[in-house]
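**Student:** Would you mind keeping the following structure in view while I ask a few things?
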Amino acid sequence: MAPGLQSFAQYAGLAMARGAGCTLYDEDGNEYIDFIAGIGVGSVGHCHPHYVEALKRQVERLTFGSFTTETRARFLELLGSLTPEGLTRIQMFSGGAEAVEAALRLAKAATGKREVIGFWGGFHGKTGGVLGLLGSEFKHHLGPFMPGQYLSPYADCYRCPLRLRYPDCGIACAEYLRDVIRYQTAGEIAAIIVEPIQGTAGNVVPPDGFLRAVQAIAREHDALLIADEMLSGFGRTGAMWGCEHDGVVPDIMTVGKGMGGGFPLSGVISTDELTSKKPWSNPSASSSSYGGNPLAAAAGLAALQIIVKEDLVANADRVGRAMLAGLEAMKDKHRCVGEVRGKGLMLGIELVADRKSKEPIAREFTRTLYQECLRRGLVAMTYSHAIRINPPLVIREETALAGLAILDEALEATSQAHGLR
Ligand SMILES: Cc1ncc(COP(=O)(O)O)c(C=O)c1O
């Protein structure tokens, strides 16, 4: 394989043999608690018996083509019972970026306008149509970008881009969005796209009211609000949808990752009215070769059935709270922990060289930390100063706390090795 694989796999250098629930087993027989879940993909854990059985059954019946199938109909019926009110139409794809691009095409078709605004720190995939909406240095040297894409500061209160403090700031970053529209755009905004919790930026949780303010600004400009729920959807944040935490129902949602429980399945969810707009709704106009194929539908149905039957949304909320309390205790203990945050099982830790300056901790430290975690039996995205913790939603509290105990020990060992205490 070419270099450029996801960092957690590349840095680990491990060959995995199998997985069960929240545990991975490598080819040498070592066990690891999985705090990554394929970066939020493995909602129902590894090889859940119901998921395995459903895919086996489907692979023996029909595997490709976009004809209606009973499995797909059952999947869509269940999905439609879980989406926010009014958002009852889906078009399916296989990757996240592909779904986000389709959402942008839908917004353009529905509004007749062309411009889109995203946020600093945002991530919506790596394809040409969304790279301009990526709010990090990742996009450096990959330009030029699609015209008509703009960015505004996100409500990252730990590292406030406007150097203010919540709540005294009055969510000034939302006000800044008005200025971006006023001074930078042609005033023809089709959509504002936002992650309810920014995943790639480090599971950054905006304060109450931020999403509502963004929605209000979208409305002022007759623009659509696209919530990119790729990571935050299907219960990960302790609510079915990340937007629920701020009482917002977007016009369009982009979904994926946890929806397929590991199978490449993504989608654009919106209203009857918007999805009927042309050219988006013309035959073949919003389709793809694999979108919602019989295997994907079987995976989606099985994953959602497990999420509902095992009440994984409530589990994410409950276990997430216990984990956050554990992380708070780690903050008291390790001075390199600058902040802990999160909702449900979408948790983040900021490692800093100095709590006052908030300078991110050195990369050498996080590389050591990653290895110290692996050595003790934990795979977690600890190779960056903005650690993201997103285990499968089926994780039990004792496993979650056992994983945190490993992280605690690994932090201790790494701090000692790097002369931090
Ligand atoms: C919020 C969000 N949107 C879109 C994507 C892109 O998904 P994919 O990697 O499947 O293209 C990601 C991937 O991490 C994501 O986190």
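**Student:** Of the conditions (1) within 17 Å of the chain's Cα centre (by Cα); (2) of a type outside the set (Phe, Trp, Tyr); (3) within 16 Å of the ligand (Cβ to nearest atom); (4) part of a loop (DSSP other than H, G, I, E, B), ALA227 fails just one. Which one is it?
**Tutor:** Only one criterion is unmet by ALA227, namely (4).
**Student:** Out of (1) in contact with a Pro (Cβ under 9 Å, 6 or more places away or on another chain); (2) part of a helix (DSSP H, G or I); (3) under 27 Å from LYS309 (Cα atoms), what's the single condition that is false for GLN10?
**Tutor:** (3)
**Student:** Hey, another quick one. Within 15 Å of the ligand (Cβ to nearest atom) and part of a loop (DSSP other than H, G, I, E, B): which single residue out of ALA201, ALA191 fits that description? Break it down into steps so the answer makes sense when it comes.
**Tutor:** On the way: ALA191 fails: part of a loop (DSSP other than H, G, I, E, B).
The match here is ALA201.
**Student:** What pairs can you find where one residue is in segment 109-136 and of a type in the set (Asp, Glu), the other is near the ligand (Cβ under 10 Å from one of its atoms), and their Cβ atoms are less than 6 Å apart, with a gap of 6+ or different chains?
**Tutor:** Close Cβ pairs satisfying both conditions: none exist.
**Student:** Where residues in segment 234-258 are outside any loop (DSSP other than H, G, I, E, B) and within 10 Å of the chain's Cα centre (by Cα), which of them is nearest to the ligand (Cβ to nearest atom)? I'd like the intermediate steps shown before the answer.
**Tutor:** At the first step, the residues of segment 234-258 found to be outside any loop (DSSP other than H, G, I, E, B) are 242-246, 252-255, 257-258.
Imposing the further condition that a residue be within 10 Å of the chain's Cα centre (by Cα) reduces the set to 242, 255, 257-258.
Working: GLY242: 10, VAL255: 9, LYS257: 7, GLY258: 11 Å.
Per the criteria, the residue is LYS257.
**Student:** Working only within segment 166-188, note down all residues that are among the hydrophobic types (A, V, I, L, M, F, W, C) and either more than 11 Å from TYR150 (Cβ to Cβ) or surrounded by 16 or more Cβ atoms within 10 Å (Cβ to Cβ) (or both). Reasoning before the result, please.
**Tutor:** Step one: list which residues in segment 166-188 are among the hydrophobic types (A, V, I, L, M, F, W, C), which gives 169, 171-174, 177, 180-181, 186.
Of everything in segment 166-188, those that are among the hydrophobic types (A, V, I, L, M, F, W, C) and either more than 11 Å from TYR150 (Cβ to Cβ) or surrounded by 16 or more Cβ atoms within 10 Å (Cβ to Cβ) (or both) turn out to be CYS169, ILE171, ALA172, CYS173, ALA174, LEU177, VAL180, ILE181.
**Student:** Considering each of LEU401, LEU411 in turn, give the residue that is in a helix (DSSP H, G or I), at pLDDT 95 or above, closer than 26 Å to ALA303 by Cβ and of a type in the set (A, V, I, L, M, F, W, C).
**Tutor:** Working: LEU411 fails: closer than 26 Å to ALA303 by Cβ.
From the options LEU401, LEU411, the qualifying one is LEU401.
**Student:** Checking the conditions here, which among GLU328, GLU339, GLU372 is assigned to a helix (DSSP H, G or I) and either within 23 Å of LEU79 (Cβ to Cβ) or in contact with a helix residue (DSSP H, G or I) (Cβ under 9 Å, 6 or more places away or on another chain) (or both)?
**Tutor:** Values: GLU328 fails: either within 23 Å of LEU79 (Cβ to Cβ) or in contact with a helix residue (DSSP H, G or I) (Cβ under 9 Å, 6 or more places away or on another chain) (or both); GLU339 fails: assigned to a helix (DSSP H, G or I).
Unique residue meeting the criteria: GLU372.
**Student:** Another one. From the list GLY19, GLY65, exactly one residue is part of a strand (DSSP E or B), small (Gly, Ala, Ser), away from the ligand (no atom under 16 Å from the Cβ) and surrounded by fewer than 22 Cβ atoms within 10 Å (Cβ to Cβ). Which is it? Show your work before the answer.
**Tutor:** Numbers: GLY65 fails: part of a strand (DSSP E or B).
Checking each option against the conditions leaves just GLY19.
**Student:** Is there a residue being buried (at least 23 other Cβ atoms within 10 Å of the Cβ) and either under 29 Å from ARG74 (Cβ atoms) or among the charged types (D, E, K, R) (or both) anywhere in segment 310-317?
**Tutor:** Just the residues of segment 310-317 that are buried (at least 23 other Cβ atoms within 10 Å of the Cβ), to begin with: 312, 316.
With the extra rule that they be either under 29 Å from ARG74 (Cβ atoms) or among the charged types (D, E, K, R) (or both), the set shrinks to 312, 316.
Yes, the conditions are met somewhere in segment 310-317.
**Student:** What about ILE395, is it under 19 Å from GLY42 (Cβ atoms), assigned to a strand (DSSP E or B) and β-branched (Val, Ile, Thr)?
**Tutor:** no
**Student:** Within segment 113-129, is there a residue that is modelled with pLDDT of 95 or more, farther than 23 Å from GLY242 by Cβ, within 16 Å of the ligand (Cβ to nearest atom) and in a helix (DSSP H, G or I)? Let's see the steps before the verdict.
**Tutor:** Let us first name the residues in segment 113-129 that are modelled with pLDDT of 95 or more, namely 113-129.
Next, only the ones that are farther than 23 Å from GLY242 by Cβ stay: 113-115, 128.
Imposing the further condition that a residue be within 16 Å of the ligand (Cβ to nearest atom) reduces the set to 128.
Keeping just the survivors that are in a helix (DSSP H, G or I) gives 128.
Yes: one or more hits.
**Student:** If a residue has to be touching a residue at least 40 places away in the same chain (Cβ under 8 Å), more than 8 Å from the ligand (Cβ to nearest atom), buried (at least 19 other Cβ atoms within 10 Å of the Cβ) and among the charged types (D, E, K, R) to count, how many in segment 84-108 make the cut?
**Tutor:** Number of matching residues: 2.
The values are calculated or read from the model by the stated rules, or taken from the named source; none is laboratory data. These numbers come from a predicted model, not from an experiment. Ideal geometry is used to build each Cβ from the backbone, glycine not excepted, and the neighbour counts take in all protein chains shown.
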